[in-house]
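**Q** Just dropping this structure here.
The values are calculated or read from the model by the stated rules, or taken from the named source; none is laboratory data. What you are looking at is a predicted structure, and each value in this text was computed from that prediction instead of being measured. Neighbour counts run over all protein chains shown; Cβ positions are idealised from the backbone, glycine included.
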Amino acid sequence: MTEKSVNSRAHKQSVKPVEETLAGAMRGGGAAAPASTPDFGPQTLRAWLARASGAHPHKPYLHFIDEDRSISYAEMQEAAGRIAGYLAACRIGGNDRVVLLADNSLEHLVMYVGVLAARATICTVHVEMNRGNLDSILHRLAPKLVLYEEGLGVESLAGTMQVPWRQLGRWSAKGGEGVFADMITAAKTPACANPADAGDAAIVFTSGTTAKAKGVVLSHRELLSNAVATATAFGIGPEDRLYDYRSFNWVSAQILSALAILSQGATLHFRRKFSRTRFFSDIARLRTTIAAGNPTVVNMLLQGEAGAQDADLANLRFMISSSAPLLVEEWQRFEERFGIRLAQGYGSSETGWISGSTGEARRLGAAGKPLPYLRTAIVDCEGRPLPTGEVGYIEVGGFEDVPFRYIAADGGIHVSAVGRAKTGDMGHFDSEGYLHLTGREKDLIIRGGVNISPLEIDGILARLADVAEVMTIGVPDRIYGEEVVSYVVLKPGRRLSESDILKFCMEHLTAFKAPKQIVFSASLPKTARGKLDRKALVEAWRRANLAAAGAPGNGSQG
């Protein structure tokens, strides 16, 4: 490091014995060795809450920074009992679905944990990213109850469903408002979710790997075992204070920052959204030990003027980067400028976290070591394991009898695989067993860590009467990792301006998904079979921009 020494404070916390038992049962290399289901014993949500509440009842479990409000472990245990009692009174039990339509808030996470602890199925949906499909999603889920945050503009959908809708409201230790007020009179029921319970714990909708978001179904065993393994991978202990701001509608934040933290009796400090100007001051003031992040946040901090030189970051062990591959050049720049170690992690909605490491054990360019129980392997197109260093398909399989499940279009359950499945990403192992990501099998655009389907954007642009053909691609971007660019072929004799098309996109797509550039073209590349060739178009964009960067009077795009 040239500017500062990287903070590498030794981590002397120890994980609880029950987690050590699980970690021991799941220890191993990256090879796909046979897996046995670990004996979780009392490792349940009820045990986690009771253990933490008994050890330090007044310790904050969740602290919502925006409102400076917290819930202690004793209060969370009490709230979980009330939520379970309320759901029981509503005749909502195991495998019954409860939809949660909310952005980050204390109430969001209290309800998320409470519904899980009651053995019902919590269904989190990112409203803004799925607004165009909300009606379809809700009818596919066929929930017994819908909980919603006021102000998100979803109330109009209530009349289309014959199920109760309740405003989420506000939690307080004395009762609260909205649905929390309804729970005051409910008889407490013990929380009872067990990791060995194969019931449905959660349904999470992906951020757009297809034109319509997929609803991934996870059992209690899949969800809670991954939380414990994730805590082990990142070295999370009871004294840790994690800082997050990512959407808790995504499974990565749910597992790392809500459940892994809960399993260890640690504390989560979180915001409604990322704030570049408050990032370092938050970490210093809250004495954060681990910060969550992604490549977009890393690049935003690098592009900003805010620095860490005036903040006391002595407690910060490392920052996690996930959701998309992090360029080694940006990784090194970040560590050199801010003196903060970055540890890259990797996961998917279908499996939860797949790999990770502590900042002390991280390797530049690698996404950590795989969680052993997932038996991650690198295979060829026939499913045969590949040797160390050879690039192939990433394949995982936690429990041999567990199916990989989705909500089908008719609301039923679709099983895509049993035991093992490919993630759709490519990579290789190095000689130390670290996982390196090399690309994506498909043409998914990952902007700011959020998956965007180019087919969805193509479908919107194809509505324009003057458009003959369209193809959307992701191109490199310093801040977001990738940016959205659409190539358009107009029908003969037709005229449209770039501003006309961009305006149309903003009217029919969320701003985050809308293209940032429209390129008019006489034709689009196609494969020998006549299919649109996105890979060839990305290469054409690269050549064109390299040529433009080298032309007289043009600066380098970098």
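**Q** Of all residues in region 57-92, count the ones that are touching a Pro at 6+ places or on another chain (Cβ under 8 Å) and surrounded by fewer than 22 Cβ atoms within 10 Å (Cβ to Cβ). Even if it seems obvious, please write down each step before you answer.
**A** Keep residues of region 57-92 that are touching a Pro at 6+ places or on another chain (Cβ under 8 Å), which gives 70-74, 81, 84, 90.
Add one more test, that the residue is surrounded by fewer than 22 Cβ atoms within 10 Å (Cβ to Cβ), and what stays is 70, 72, 74, 90.
Here the count works out to 4.
**Q** Let me ask something additional. Those residues that are assigned to a loop (DSSP other than H, G, I, E, B) and in contact with a strand residue (DSSP E or B) (Cβ under 8 Å, 6 or more places away or on another chain), I need them from region 126-153; list them, please.
**A** 126, 127, 129, 130, 142, 143, 144, 149, 150, 152
**Q** Let me ask you something else. Which one of the conditions (1) buried (at least 22 other Cβ atoms within 10 Å of the Cβ); (2) at pLDDT 85 or above; (3) farther than 18 Å from residue 96 by Cβ does residue 183 fail to meet, given that it meets all the rest?
**A** The failed condition is (3).
**Q** Looking at region 447-499, which of the residues that are of a type in the set (Gly, Ala, Ser) and closer than 26 Å to residue 249 by Cα is surrounded by the most Cβ atoms within 10 Å (Cβ to Cβ)?
**A** Among those residues, the one meeting the criterion is 481.
**Q** List pairs: first in region 320-342 and in contact (Cβ under 8 Å) with a residue 12 or more places away in the chain, second assigned to a helix (DSSP H, G or I) and among the aromatic types (Phe, Trp, Tyr), Cβ under 9 Å, 6+ apart or cross-chain?
**A** Every condition considered, the pairs that remain are 321/331; 321/334; 326/334; 338/280; 340/334; 342/331; 342/334.
**Q** Now a separate question. Scan region 120-140 residue by residue and report those that are buried (at least 24 other Cβ atoms within 10 Å of the Cβ) and farther than 17 Å from residue 406 by Cβ.
**A** The one that is buried (at least 24 other Cβ atoms within 10 Å of the Cβ) and farther than 17 Å from residue 406 by Cβ: 120.
**Q** Still on this structure: Might you check whether a residue that is modelled with pLDDT of 90 or more and not aromatic (Phe, Trp, Tyr) occurs anywhere in region 434-443?
**A** Within region 434-443 (the criterion being modelled with pLDDT of 90 or more and not aromatic (Phe, Trp, Tyr)), the answer is yes, since at least one residue qualifies.
**Q** Need at least 2 residues that are within 20 Å of the chain's Cα centre (by Cα) and crowded, with 17+ Cβ neighbours inside 10 Å per element, so show me which helices (runs of 4 or more DSSP H) inside region 267-346 make the cut, counting only ones lying wholly within it.
**A** Passing ranges, in order: 295-303.
**Q** Taking residue 262, is it buried (at least 24 other Cβ atoms within 10 Å of the Cβ) and either over 25 Å from residue 481 (Cβ atoms) or out of contact with any helix residue (DSSP H, G or I) (no Cβ under 9 Å at 6 or more places or on another chain) (or both)?
**A** Criteria met by residue 262.
**Q** Of the residues that sit in region 89-126 and are β-branched (Val, Ile, Thr) and in contact (Cβ under 8 Å) with a residue 60 or more places away in the chain, which one is farthest from residue 73 (Cα to Cα)?
**A** Filtering region 89-126 for residues β-branched (Val, Ile, Thr) gives 92, 98-99, 110, 113, 115, 121-122, 124-125.
Keeping just the survivors that are in contact (Cβ under 8 Å) with a residue 60 or more places away in the chain gives 110, 113, 121-122, 124-125.
Numbers: 110: 11, 113: 12, 121: 22, 122: 21, 124: 23, 125: 26 Å.
Residue satisfying both the conditions and the ranking: 125.
**Q** Report, ordered by the first and then the second residue, all pairs with beta carbons closer than 6 Å, sequence separation of six or more or different chains, a first member in region 448-477 that is assigned to a strand (DSSP E or B), and a second member that is charged (D, E, K, R).
**A** Cβ pairs passing all conditions: 452/513; 468/491; 470/458; 472/458; 473/534; 474/482; 475/483; 477/483.
**Q** Every residue in region 473-510 that is hydrophobic (A, V, I, L, M, F, W, C), under 28 Å from residue 295 (Cα atoms) and in contact with a helix residue (DSSP H, G or I) (Cβ under 9 Å, 6 or more places away or on another chain), please. Give the derivation first.
**A** The first filter runs over region 473-510 and keeps only residues hydrophobic (A, V, I, L, M, F, W, C), leaving 473, 475, 479, 484-485, 488-490, 496, 501-502, 504-506, 509.
Cutting the leftovers down to under 28 Å from residue 295 (Cα atoms) gives us 473, 475, 479, 484-485, 502, 505-506, 509.
Across region 473-510, the qualifying residues are 473, 475, 479, 484, 485, 505, 509.
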